[in-house]
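Everything below concerns the one structure shown next.
Nothing in this text is a laboratory measurement; each read-out follows from the coordinates by a stated rule. For clarity, every value in this text was computed on a predicted model and none was experimentally measured. Cβ atoms come from the backbone with ideal geometry, glycine included; neighbour counts cover every protein chain shown.
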Amino acid sequence: MIVSPSLLSANFADLKSEMDWLNQSPADWLHLDIMDGVFVPNISFGFPVLKYVAKLCNKPLDVHLMIVQPEKFVQEVKDLGAYLMNVHYEACPHLHRVIGQIHEAGMKAGVTLNPATPVSVLRDIIEDVDLVLLMSVNPGFGGQKFIPHTTKKVKELRELIKETGSKALIEVDGGVNAETGKLLAEAGADVLVAGSYVFNAPSPAEACALLKAL
């Protein structure tokens with residue numbers, strides 16, 4: 001299992017220490033949730049903060065834009081040295097074009113679905129993306145309760161990937177812990193995003209290792 005701890009739950013008063021343990025941990029990526037207060041009802045952090053984090057972190061950056069018009073920020077995300085740029089299906093009326101722009105910038109391209117958006121909408125784009133992120137909470141805030149229906153969506157997405165021959169990974173974000181992570185792994189998930197479960201653990205590195213072993 002690929003583990004991508006979410007910076008949203010980190011201690012922002014001591015980001016250097018947070019990145020120090022993360023760099024030494026079994027975590028694979030660092031998940032960065034960029035929120036604009038428009039597409040989602042919250043504002044997280046902007047590029048000045050992320051530039052600082054990018055300098056401190058030696059893990060690949062998994063950048064999730066919960067914003068309107070994410071295509072306007074392809075260059076900024078690239079400049080962070082991001083491994084993957086992820087945009088919401090619901091925020092991109094011209095999704096195929098945006099995916100192309102991300103690839104042209106040299107990054108992996110991901111698309112995210114909100115809890116109420118069906119997997120079926122991806123049929124015409126699934127072969128073009130490198131990853132699909134299924135939100136297992138309503139986006140905008142950390143620490144929310146896992147939506148059980150997500151495991152069914154993971155299975156549906158796994159079937160679509162198999163049917164189309166897509167190489168896309170399945171990532172899940174929201175309410176992920178040891179219990180829900182096990183259910184998601186059994187359903188076919190490849191990547192788990194975890195915020196509170198990791199950063200609030202007595203040993204964040206051990207929490208990462210537990211998820212990675214699922």
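Of all DSSP beta bridges in the chain, what percent run antiparallel (nearest 5)?
Numbers: 1 of 33 bridges.
The antiparallel fraction comes to roughly 5 percent.
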Checklist outcome for this item: Computed from the beta carbon distance with a Förster radius of 30 Å, FRET efficiency for A205 and N42 to the nearest 0.05 stands at 0.60
Checklist entry - With point charges of +1 on the Cβ of Lys and Arg and -1 on the Cβ of Asp and Glu, referenced to the Cα centre of region 16-124, which listed residue (H88, G106, N23) lies farthest in the positive direction of the dipole? => result G106
Checklist entry - Given springs between every Cα pair under 10 Å in a Gaussian network model of the chain, which of A201, A109, A189 has the largest fluctuation? => result A201
Checklist outcome for this item: Honestly region 97-144 on the Cα gyration tensor test (a ≥ b ≥ c root eigenvalues; a/c under 1.5 rounded, otherwise a/b vs b/c for prolate or oblate) is just oblate
Next on the checklist: Quick check: pseudo-label points 7 Å beyond the Cα along Cα→Cβ at D128 and A213, how many nm apart are they?
Outcome noted: 4.2
Checklist entry - Once you put a point 7 Å from the Cα of L56 and another 7 Å from the Cα of V121, both along the Cβ direction, what distance in nm separates them? => result 3.5
Checklist entry - Points 7 angstrom from Cα along the Cβ direction at K78 and V49: gap in nanometres? => result 2.6
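Note the full-extension length gain between H103 and E163 as 0.36 nm times their separation in residues minus their Cα-Cα distance, in nm to one decimal.
Working: separation 60, 0.36 × 60 = 21.60 nm, distance 2.34 nm.
Result: 19.3 nm gained on full extension.
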Checklist outcome for this item: Footprinting proxy, L65, L183, L210, L22: sorted fewest to most Cβ within 10 Å, the residues are L183, L210, L22, L65
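Beyond a 18 Å Cα-Cα separation, which of these cross-linked pairs lie in this structure: K55/K78; K59/K182; K145/K167; K108/K212; K108/K167? Kindly include the intermediate steps, with their values, before the conclusion.
On the way: K55/K78 14 Å; K59/K182 24 Å; K145/K167 29 Å; K108/K212 21 Å; K108/K167 12 Å.
Violating the 18 Å Cα-Cα cut-off are K59/K182; K145/K167; K108/K212.
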